[in-house]
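Please treat every number below as a calculation from the coordinates, not as lab data. This is a predicted model, so every value here is computed, not measured. Because the Cβ atoms are built from the backbone with ideal geometry, glycine has one as well, and the counts that use them run over all protein chains shown.
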Amino acid sequence: MSNFDVPVKEVGDMLDLVSEKLPKLIKGLYQTLFSEEVAQTMSSAVGTFHKNLIAAGMDRKDALLLTQDYLDTLTGLVNQSFNQKSRDD
């Protein structure tokens, strides 16, 4: 095989495998990241964080800003985990 020969059968087999596996992978990741259970856990964590800041005497506006930062951090961790998992697969 020269440098310009394309292994058509192998490429076709690989594309068939990708087209079979990729939709399942995407669906599984979507269900994991956007499940009701994950949403409940995340909202509970964010709500508790905000409530504790207020209970500690922090100004409501400052508590809201810190809570937004906290949520951004959680979201960033999920995205980072998603991106890392995608690279590992």
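Taking only DSSP H segments of four or more residues, each worth -39500 (n - 2.57), what value at 222 nm results for the chain once the sum is divided by all its residues, to the nearest 500 deg cm²/dmol? Don't skip to the answer; put the middle values down first.
Numbers: 3 runs with 75 residues, N = 89.
Per the formula, -30000 deg cm²/dmol.
Using the Cβ atoms and a cut-off under 13 Å, what net charge is assigned to the surroundings of Met14, where Lys and Arg are +1 and Asp and Glu are -1?
On the way: positive: Lys9, Lys21; negative: Glu10, Asp13, Asp16, Glu20.
Result for the neighbourhood of Met14: -2.
Enumerate the calculated ³J(HN,Hα) couplings along the stretch 30-43 in order (Karplus 6.51 cos²θ - 1.76 cosθ + 1.60, θ = phi - 60°), each rounded to whole Hz, writing x wherever the residue is Gly or Pro.
With coefficients 6.51, -1.76 and 1.60, one gets 4, 5, 5, 6, 10, 6, 4, 4, 5, 4, 5, 5, 5, 5 Hz.
Lysine pairs in the chain with alpha-carbon atoms under 18 Å apart, 8 or more places apart or on different chains: how many are there?
On the way: Lys21/Lys85; Lys24/Lys85; Lys27/Lys85; Lys51/Lys61.
Going through the chain pair by pair, I get 4.
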